[in-house]
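This report concerns only the one structure given below.
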Amino acid sequence: MDRLLSLATMYELFFQKFNEKVPLTPEEQEQIKAYLTPKKLRKRQYLLQEGDICKSIAFVEKGALRAYTVDENMNEHVIQFAIEGWTISDLFSYLTAEPATYNIDALEDAELVLITRSAHEEFLKNLPKYETYIRLLITGAYIALQRRLTSNLSLLAEERYTSFTETYPDIAQRVPQHMIASYMGLTPETLSRVRKKMADRR
Amino acid sequence: MKTIQTIAIIGASGNMGAAISKSLAKGNYRLLLCANDLNKVQAVADEIIKTNPAASAEAVDCSVDASWEADIIISAVPYAAEKEVAEKIREVANQKIVISIANPLNETYDGLVIAPDTSAAEELQKLLPNAKVIKAFNTTFAADFATPVIDGKQAGAFIAGNDPEALETVSELVSTAGFNPIVAGKLAVSGTLERMQLLLIQLNMKYDYNWLAGWKILHQ
């Protein structure tokens, strides 16, 4: 029963978000559905490993994922988190077919909807509404990236953390602190000091 | 590094299913083994891990869940059971590679139960219109997987399908299994491949190859 229920809602959030950006007719929805790939990922499994070519954009129906890089000292640097309603990928690799520089893995068991490159190309050819959708998606990603860059360059650790928890309250609740520290470019010790200072003041 | 691919093998406790699972365990894949009898398929998974502790093989009791997780699905059930499997996994197999290994043989192994203008693979494609059905592993006997080099010669394994990227992925699987992959053409070639195996089965029974025989194309 549970399984039937989740099969029926496999693409629910995807189309909800799509329709918020660009309203679709039921026919268009069916047309898109035929090219989508449903994919489950268990906690700690990879969607993408660095060096491979990123073959799809993943929309998160359920669960949480992160994209990260690994430096030469084997330290992980979190680039992005994604929870329900978000998309995650190595856009550079997806759009250029060059090897990916990110790893993407699941922080929780996840249900995803994948848009593969061949589906992407098919949609661009035959569905003008998709072009609008993907433009808005990439615009959003660009804005987020710019904000993040500015925040990392110009804000103090405490300001960064406050801004993060205010912008992404759900992620701050669900993701381990050391990953949030990594995302903000702080050591876990620094983040922990910042949090203590903030708590003491309250 | 190539991202680890997850392969669901439906019917993994059968002769062919178990043979394919064991041989793919050599590659960089995560295997989800399903069958109606979970104990049987668990035994196959245990055997794989025992022989190769680095392998990733897990018994799963539901073909829908396994196919949902998978990047590649192998339908290793007899032709007669394929329709039921296809109906179960249709939604979750959307846009995925589904490998058809079945040969639609009759009960006495001397003919096919399918019309001359079609094949098991094309019938499966009709049942899974949004999947990328690829014919593979139908011209190799189960015993060949343990011995892909027969009498000093590597057996060939034919592949047919319509999606170039999927053909490439399945060629890699075939190489991992130890065979020489030969892309025979579009999915419509499957009928020929299935009839080739009917011939090999008949020859096997006539000349007693002990089910260790295969095809090899001689060429310059």
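The values are calculated or read from the model by the stated rules, or taken from the named source; none is laboratory data. Since the structure is predicted, the reported quantities are computational estimates derived from the model, not experimental observations. Please note: Cβ atoms are built from the backbone with ideal geometry, for glycine as well, and neighbour counts cover all protein chains shown. With ligands, DNA and RNA removed, areas are computed over all heavy atoms of the protein, side chains included. Shrake-Rupley method; radii C 1.70, N 1.55, O 1.52, S 1.80 Å.
A compact table of results
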{"read-out": "Order by protection proxy (mean Cβ within 10 Å, highest first), peptides B:63-76, B:167-180, B:36-49", "value": "B:63-76, B:167-180, B:36-49"}
{"read-out": "Residue mean of other protein chain beta carbons inside 10 Å, B:2-10", "value": "3"}
{"read-out": "Shielding of B:181-191 by partner chains, average beta-carbon count, 10 Å", "value": "0"}
{"read-out": "Region A:72-113 - Rg (one decimal) and Dmax (whole number), Cα, Å", "value": "12.0, 34"}
{"read-out": "21 Å Cα-Cα threshold exceeded, pairs from A:LYS125/B:LYS135; A:LYS62/A:LYS196; B:LYS26/B:LYS216; A:LYS55/B:LYS22; A:LYS39/B:LYS96; B:LYS132/B:LYS186", "value": "A:LYS125/B:LYS135; A:LYS62/A:LYS196; B:LYS26/B:LYS216; A:LYS55/B:LYS22"}
{"read-out": "Portion, in percent, of the accessible area of region A:155-202 that falls on carbon or sulfur, probe 1.4 Å", "value": "53"}
{"read-out": "Probe 1.4 Å, accessible area per residue of region B:71-123, Å²", "value": "43"}
{"read-out": "Candidates per trypsin sites (Lys or Arg not before Pro) in region A:41-141, loop by DSSP, up to 15 other Cβ within 10 Å", "value": "A:ARG42, A:LYS43, A:ARG44"}
{"read-out": "The protein assembly as shown - convex hull of alpha carbons, volume per residue in Å³", "value": "186"}
{"read-out": "Residues with amide H under 5 Å from that of A:LEU112, placed H, sequence gap 5 or more", "value": "A:LYS39, A:LYS40, A:LEU41, A:GLU61"}
{"read-out": "Whole-percent carbon and sulfur share, accessible surface of chain B, 1.4 Å", "value": "53"}
{"read-out": "Shielding by partners, peptide B:86-92 (average Cβ within 10 angstrom, other chains)", "value": "2"}
{"read-out": "Gain on full stretching of the segment that runs from B:ASN52 to B:GLU84 - 0.36 nm per residue minus C-alpha separation", "value": "8.2 nm"}
{"read-out": "For region B:5-207, the spread of Cα positions along each principal axis, largest first, Å", "value": "42, 41, 33"}
{"read-out": "Note, ³J(HN,Hα) from phi for region B:17-24, Karplus 6.51, -1.76, 1.60, rounded to Hz, x at Gly and Pro", "value": "x, 5, 5, 5, 4, 4, 7, 6"}
{"read-out": "Degrees, to the nearest 10: A:117-126 long Cα axis against longest axis of chain A", "value": "50"}
